[in-house]
1. Quick check, is Asp57 open to solvent by 60 Å² or more (accessible area, probe 1.4 Å), modelled with pLDDT under 95 and either over 16 Å from Gln102 (Cβ atoms) or over 14 Å from the mean Cα position of the chain (by Cα) (or both)?
2. For the stretch 38-48, give me the residue count where each residue is in contact with a strand residue (DSSP E or B) (Cβ under 7 Å, 6 or more places away or on another chain) and either open to solvent by 40 Å² or more (accessible area, probe 1.4 Å) or within 18 Å of Val94 (Cβ to Cβ) (or both).
3. Filter the stretch 81-110 down to the residues that are assigned to a strand (DSSP E or B), out of contact with any Asp or Glu (no Cβ under 7 Å at 6 or more places or on another chain) and of a type outside the set (Lys, Arg) and list them by number.
4. Residues in the stretch 1-37 that are surrounded by 16 or more Cβ atoms within 10 Å (Cβ to Cβ), part of a helix (DSSP H, G or I) and either at pLDDT below 95 or in contact with a Phe, Trp or Tyr (Cβ under 9 Å, 6 or more places away or on another chain) (or both): how many?
5. For a quick check of your reading of the model, give me the residue pairs whose first member lies in the stretch 27-41 and is in contact (Cβ under 8 Å) with a residue 40 or more places away in the chain, whose second is open to solvent by less than 30 Å² (accessible area, probe 1.4 Å) and acidic (Asp, Glu), with beta-carbon atoms closer than 7 Å and at least 6 apart or on different chains.
6. Evaluate the following for Pro91: is it crowded, with 20+ Cβ neighbours inside 10 Å and either without any contact (Cβ under 8 Å) to a residue 60 or more places away in the chain or in contact with a Gly (Cβ under 6 Å, 6 or more places away or on another chain) (or both)?
7. Somewhere in the stretch 106-114, is a residue in contact with a strand residue (DSSP E or B) (Cβ under 6 Å, 6 or more places away or on another chain), buried (at least 17 other Cβ atoms within 10 Å of the Cβ) and small (Gly, Ala, Ser)?
Amino acid sequence: MFNYTALDESKVEYLEIAPVSELPNGERLFVDLGDKPIVIFNIAGQLFAIGDVCTHDDGPLGDGVLEDHNIVCPRHGAEFDIRTGKVMSMPAVVDIPAYPVQVRDGVIFIGMPKE
C-alpha cells in the first residue's frame with residue numbers, strides 16, 4: 001500500500017470529517033470515505049489516520065490494541081505503525097494506507113489522493 005502522508009500536497013484533497021471534540025485523547029473514530037474504511041487515532045493530541053483493513057486477511061484493524069504507535073490486528077497479531085502504515089510484524093507483509101490529517105478551526109480533515 002501507499003503511504004499517502006508522503007504525497008505532494010498538490011495531489012491531496014482534504015475532506016471534512018468531524019469536530020475534533022468528537023475525538024478525545026486516547027480514543028479512535030471510525031469513518032467511511034467512499035469505499036475506504038478509515039480509523040483516526042488521537043494519541044496525546046496527535047491525530048493519525050490509517051486504512052481500517054489488515055493486509056493479511058482483509059479483516060478490520062481499528063479495534064486492535066495500540067502499543068505505542070503500533071496497532072496489533074485483533075485477528076492474527078500483525079502489527080502496523082499508525083504514523084506510516086508500515087507493516088512491523090508478520091503475518092502481514094504489505095503496508096496499509098496512512099493518510100495525512102489536519103485540524104482546521106476545530107474540525108478534522110483527512111487527505112485523500114486526488115483522482
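The values are calculated or read from the model by the stated rules, or taken from the named source; none is laboratory data. Model, not experiment: these values are computed from the prediction. Every residue, glycine as well, gets a Cβ built from its backbone with ideal geometry; the counts of neighbours run over all protein chains shown. Note: areas computed on protein heavy atoms with side chains; ligands, DNA, RNA excluded. Shrake-Rupley method; radii C 1.70, N 1.55, O 1.52, S 1.80 Å.
1. Working: open to solvent by 60 Å² or more (accessible area, probe 1.4 Å): no; modelled with pLDDT under 95: yes; either over 16 Å from Gln102 (Cβ atoms) or over 14 Å from the mean Cα position of the chain (by Cα) (or both): yes.
When the stated conditions are applied, Asp57 does not pass them.
2. Within the stretch 38-48, the first condition is being in contact with a strand residue (DSSP E or B) (Cβ under 7 Å, 6 or more places away or on another chain), and the residues that meet it are 38-41, 47-48.
Restricting the remaining residues to those that are either open to solvent by 40 Å² or more (accessible area, probe 1.4 Å) or within 18 Å of Val94 (Cβ to Cβ) (or both) gives 38-39.
Residues flagged as in contact with a strand residue (DSSP E or B) (Cβ under 7 Å, 6 or more places away or on another chain) and either open to solvent by 40 Å² or more (accessible area, probe 1.4 Å) or within 18 Å of Val94 (Cβ to Cβ) (or both) within the stretch 38-48 amount to 2.
3. If we filter the stretch 81-110 for residues that are assigned to a strand (DSSP E or B), which is where we start, we get 81, 87-89, 98-99, 101-104, 107-110.
In the following step, the residues that additionally are out of contact with any Asp or Glu (no Cβ under 7 Å at 6 or more places or on another chain) were identified as 81, 98-99, 101-104, 108, 110.
Across the stretch 81-110, the qualifying residues are Asp81, Ala98, Tyr99, Val101, Gln102, Val103, Ile108, Ile110.
4. Of the residues in the stretch 1-37, 2 are surrounded by 16 or more Cβ atoms within 10 Å (Cβ to Cβ), part of a helix (DSSP H, G or I) and either at pLDDT below 95 or in contact with a Phe, Trp or Tyr (Cβ under 9 Å, 6 or more places away or on another chain) (or both).
5. Pairs found: Ile38/Asp52.
6. Working: crowded, with 20+ Cβ neighbours inside 10 Å: no; either without any contact (Cβ under 8 Å) to a residue 60 or more places away in the chain or in contact with a Gly (Cβ under 6 Å, 6 or more places away or on another chain) (or both): yes.
No.
7. Yes; the residues of the stretch 106-114 include at least one that is in contact with a strand residue (DSSP E or B) (Cβ under 6 Å, 6 or more places away or on another chain), buried (at least 17 other Cβ atoms within 10 Å of the Cβ) and small (Gly, Ala, Ser).
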